[in-house]
1. Is it true that residue 192 is in a helix (DSSP H, G or I) and surrounded by fewer than 13 Cβ atoms within 10 Å (Cβ to Cβ)?
2. Working carefully through the options 126, 138, 121, find the one that is in contact (Cβ under 8 Å) with a residue 24 or more places away in the chain and crowded, with 16+ Cβ neighbours inside 10 Å.
3. Looking for something without any contact (Cβ under 8 Å) to a residue 12 or more places away in the chain, surrounded by 11 or more Cβ atoms within 10 Å (Cβ to Cβ) and either outside any strand (DSSP E or B) or not β-branched (Val, Ile, Thr) (or both) - is there at least one such residue anywhere in region 157-173?
4. Need pairs with beta-carbon distance below 6 Å; first residue assigned by TED's automatic domain parsing to the domain that holds residue 221 and within region 176-200, second in a helix (DSSP H, G or I) and crowded, with 17+ Cβ neighbours inside 10 Å; sequence gap 6+ or separate chains.
5. Here are the criteria: (1) at pLDDT below 90; (2) within 30 Å of residue 108 (Cα to Cα). Tell me which single one residue 197 does not satisfy.
6. Assess whether residue 114 counts as being surrounded by 17 or more Cβ atoms within 10 Å (Cβ to Cβ) and out of contact with any strand residue (DSSP E or B) (no Cβ under 9 Å at 6 or more places or on another chain).
7. For region 150-182, give me each residue that is of a type in the set (Asp, Glu) and farther than 15 Å from residue 139 by Cα.
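The values are calculated or read from the model by the stated rules, or taken from the named source; none is laboratory data. All figures in this text were calculated on a predicted structure; none of them were measured in a lab. Here Cβ is always computed from backbone atoms with ideal geometry, including for glycine, and neighbour counts include all displayed protein chains.
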Amino acid sequence: MIDIWGRTGDAVAKAMIDQLSIEEVEGVEGVTHQESFNSIYMMADSGARGSQAQIRQLAGMRGLMAKPDGSIIETPITSNFREGLNVLQYFISTHGARKGLADTALKTANSGYLTRRLVDVTQDLVVVEHDCGSYEGVFMKAVVEGGEVIEPLHERILGRVTAVDIISPDSAECVVFPAGTLLNEEHVEQIETMGIDEVKVRTPLTCKTRYGLCAKCYGRDLGRGHLVSVGEAVGVIAAQSIGEPGTQLTMRT
């Protein structure tokens, strides 16, 4: 029963979006169909605000609702917000609204606590010297899934310091960039143009500095565009960079 109503809701949504996306225009050649300039359709289609699911609830049907425990209520809401809901439909809707408010209040506290714990565990990570002298590092390649490039090599190595000499694929004696080079935009573009598909770069994971990190293993200060300065509290910056979007995402639920 739930599957049937789920498919029905999808069919209503598709029919409504198809109706909104195309409009009939009368011209010299008669009636022609062209892409619609409907305000609500453009808003959802461009991703500026709202989604197709929300438009379906506005003018199609609200569909199936969930109980606070996550299970689906078998009675669907066949009305929409434009026509208005009856008393039973309104009551079924209140489940989700109440759960949403409670979740937002609780998750914000959890997200704040996560940030606090991350800061607590990373607060000792401070850049204390320029170079620890390590030649260790990690090999970076482009991230590919199912034949599709998720993250290209130039994005992964930009702002990193090379751990070993980068050798030209054409000549084993030609060193393109020596070890210890901070790779900027021009460097990574040159690496991609030459067809190099793997680069060994320094990383905080293999840093030999005893108390903290060195600037070479950390790489570029993304806020200022140059090699990170000695004394920068990179651990706290990393913790807050993870925690801040977490807090933002709980607002959206």
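1. No: the conditions fail for residue 192.
2. Numbers: 138 fails: crowded, with 16+ Cβ neighbours inside 10 Å; 121 fails: crowded, with 16+ Cβ neighbours inside 10 Å.
None of the others qualify; the one that does is 126.
3. No, region 157-173 has no match at all.
4. 183/157; 188/154; 188/157; 192/154; 199/157
5. (2)
6. Numbers: surrounded by 17 or more Cβ atoms within 10 Å (Cβ to Cβ): no; out of contact with any strand residue (DSSP E or B) (no Cβ under 9 Å at 6 or more places or on another chain): yes.
No: the conditions fail for residue 114.
7. Looking only at region 150-182, we keep the residues that are of a type in the set (Asp, Glu), and these are 151, 155, 165, 170, 173.
The answer is 170, 173.
Quick grid of which residues meet (1) in a loop (DSSP other than H, G, I, E, B); (2) touching a Gly at 6+ places or on another chain (Cβ under 6 Å); (3) without any contact (Cβ under 8 Å) to a residue 24 or more places away in the chain:
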residue: 7; (1), (2), (3): no, no, yes
residue: 20; (1), (2), (3): no, no, no
residue: 31; (1), (2), (3): no, no, yes
residue: 34; (1), (2), (3): no, no, yes
residue: 45; (1), (2), (3): no, no, no
residue: 57; (1), (2), (3): no, no, no
residue: 68; (1), (2), (3): yes, no, no
